[in-house]
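In what follows, a structure is listed as C-alpha cells, so that the remarks can point back to it.
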Amino acid sequence: MSKGKPRSERALRRVGDLEAAGLVEPERRAELERVAARYAVAITPDLAGLIDPADPADPIARQFVPDARELVRAPEERADPIGDEAKSPIKGIVHRYPDRVLLTPVHVCPVYCRFCFRREKVGPGSKALTATETAAALDYIRAHPEIFEVILTGGDPFVLAPGKLEALVAALGAIPHVQVIRIHTRAPVAQPGMVTPELARALAAEKAVYVVLHCNHPREVTKALGAAALRLVKAGVPVLSQSVLLKGVNDDAGTLEALFRALVAARIKPYYLHHPDLAPGTGHFRTGLAEGQALMRQLRGRLSGLAQPAYVLDVPGGHGKVPVGPVYAEENADGWIIEDPGGKRHRYPPKGG
C-alpha cells in the first residue's frame, strides 16, 4: 500500500491530483501537464494505493504516472502500431485474422497505461459505438461465417453497464458461427470492485466466454483481484492474463516468476507476454527481443507449463501476432539438436526415433 498521503476515493485524472497524492513532485508539474494534454491520465484508487511514492523507481507508478519522455517520438514508432485502422472494414471492427475479429464498443478505460498501443485513440471524449454502429458491427459478424471468435476490447468493455454488456454478449452468442467470445480488460486489476456478481452473471452464455485481464507486476495480484477472478470463475468464465514486458517494471526473471506464480494461484492462466508495441513515446519501456528471449529461457524449467505464457510480438503494420520466444530445437544433417531447460544440448534422430 501507499506510504504517502491518504488514498483518494476517486480516480486521479489530472496532474494536480497526482501532485496532491504525493505521486508527482511540484517541479515536474509543468512538463507533465504537456504530457496530459496529449495522452489521457487516470489512476484508480486501487492502483494508487499500490504505489510507494518514496520509491522513485516504483514499478506501479512507472506504468501509470505520466513521464515527460512520452513526448519523445522515435523514428520507428507509429500512431497505429499494429495496423488497427488498416484492418478495420467498418467502425468498431478490426478483422486481422480470418477466424476472429475485434469489436471495440468503447474507447475509455478505468486507468490509462503509459505504454498503451492505442494511446492515440483512448481517453475522455472518445465516443462509444452508437446503437446504429453496434448494429452494423453485429451485421458484419453475421455476414462472415468464417468468424469463430469475437474479442471485445477497446478501451475497456467492463466500463459498460452490466445490462449493456449482457445484451452485447447475448447478441454475439445468438450468431450461430460465433463459438467463442473473449473480453480483454484491465478493470479486475485496476478496480476489482467493478467485477460485481451482477457483472459476472452478465457474462454467462451458452457459448464459451473468456476474460483476459492485463497484469504486469506481482504487486497487482491483490486479494481483491483474486476475489474478482473467483467471481468470474464461479460464473463459468475462465480467466487468463496478458502482460507486457516493460523495462523497469518486470524485465527480470524473478519479477516475472513471481507474477506468473501469483496469477496461477489466483486461478488466472498466463496467456501472453507481449513485446512492447511501437507506440509513440514508449521507447523508454522497450527492451530488446534478445533480452526477452533470455528471460523466457531463465523461466523455462523454473515454472510449470501452466504458468508459462507465450512471448509474442505483434508485427507492425497489422501483419499479425507471432511467437518470438527462444528456440530449443535446431536441425542439422544428422537430425536435431535439442536444448534442455538447463542449457545442455542433446542429439535427437531425424524422424523421431
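Only the coordinates and a few stated rules stand behind these numbers; no lab work does. Keep in mind the model is a prediction, meaning the values are calculated, not measured. All Cβ positions, glycine included, derive from the backbone under ideal geometry; neighbour counts span all protein chains shown.
Could you sort out which of Lys164/Lys269; Lys91/Lys127; Lys121/Lys269; Lys121/Lys164; Lys87/Lys207; Lys87/Lys121 sit more than 18 Å apart by Cα distance in this structure? Those over the limit are Lys164/Lys269; Lys121/Lys269; Lys121/Lys164; Lys87/Lys207.
How large is the Rg to Rh ratio of segment 283-353 when both quantities use alpha carbon positions and Rh follows Kirkwood?
Rg divided by Rh gives 1.05.
Around the amide H of Arg182, modelled in the peptide plane, lie the amide H atoms of Val150, Ile151, Leu152, Tyr210, all under 5 Å away and 5 or more residues distant in sequence or on another chain. Taking the square roots of 5 times each eigenvalue of the Cα gyration tensor of segment 67-206, largest first, gives ellipsoid semi-axes of 26, 20, 12 Å. With contacts defined as alpha carbon pairs under 8 Å and 6 or more residues apart, what's the relative contact order of segment 273-353 in percent? About 23 percent, as a whole number. Normalising the average separation of contacting C-alpha pairs (under 8 angstrom, six or more residues apart) by the number of residues puts the relative contact order of segment 152-237 at 33 percent. Charge tally for Val94 (other residues, Cβ to Cβ under 11 Å; Lys, Arg +1; Asp, Glu -1): +2.
Of the peptides 295-308, 146-159, the order by per-residue mean of other Cβ atoms within 10 Å, starting with the highest, comes out as 146-159, 295-308. Note that the chain shows a convex hull volume over its alpha carbon atoms of 157 Å³ per residue. GNM on the chain, alpha-carbon springs under 10 angstrom: the most fluctuating residue among Ala187, Ala79, Ala30 is Ala30. Remark on Tyr311: its backbone amide H falls under 5 Å from those of Leu273, Val324, Gly325, a criterion applied only to residues 5 or more positions apart or on other chains, H modelled at 1.01 Å from N.
Per residue of the chain, what 222 nm ellipticity follows from adding -39500 (n - 2.57) for every DSSP H run with n ≥ 4, rounded to the nearest 500?
-7500 deg cm²/dmol
Put simply, the amide H of Lys269, placed in the peptide plane, has neighbours under 5 Å in Val239, Leu240, Ser241, leaving out anything fewer than 5 places away on its chain. So which residue, out of Leu273, Leu256, Leu129, gets the largest mean-square fluctuation from a GNM of the chain using Cα contacts under 10 Å as springs? Maximum among the listed residues: Leu129.
Spatially, segment 183-246 and segment 254-280 are offset by 14 Å when compared through their Cα centroids.
Comparing Arg62, Arg219, Arg28 in a Gaussian network model of the chain (Cα springs below 10 Å), the most mobile by mean-square fluctuation is Arg28. Under 1.5 on a/c is rounded, so check that first for segment 216-324, then, if it is not, pick prolate when a/b is larger than b/c and oblate when it is not; a ≥ b ≥ c are the square roots of the alpha carbon gyration tensor eigenvalues. Taking the square roots of the gyration eigenvalues as a ≥ b ≥ c, segment 216-324 is prolate.
Pairs of Cα atoms in segment 81-150 fall into 10 Å distance bins, from 0 up to the last occupied one, in shares of 19, 48, 29, 4 percent.
Taking θ as phi - 60° and the Karplus parameters 6.51, -1.76 and 1.60, the scalar couplings of segment 204-221 work out to 5, 7, 5, 7, 6, 10, 10, 10, 10, 9, 10, 8, 10, 9, x, 5, 6, 8 Hz in sequence order, x denoting glycine and proline.
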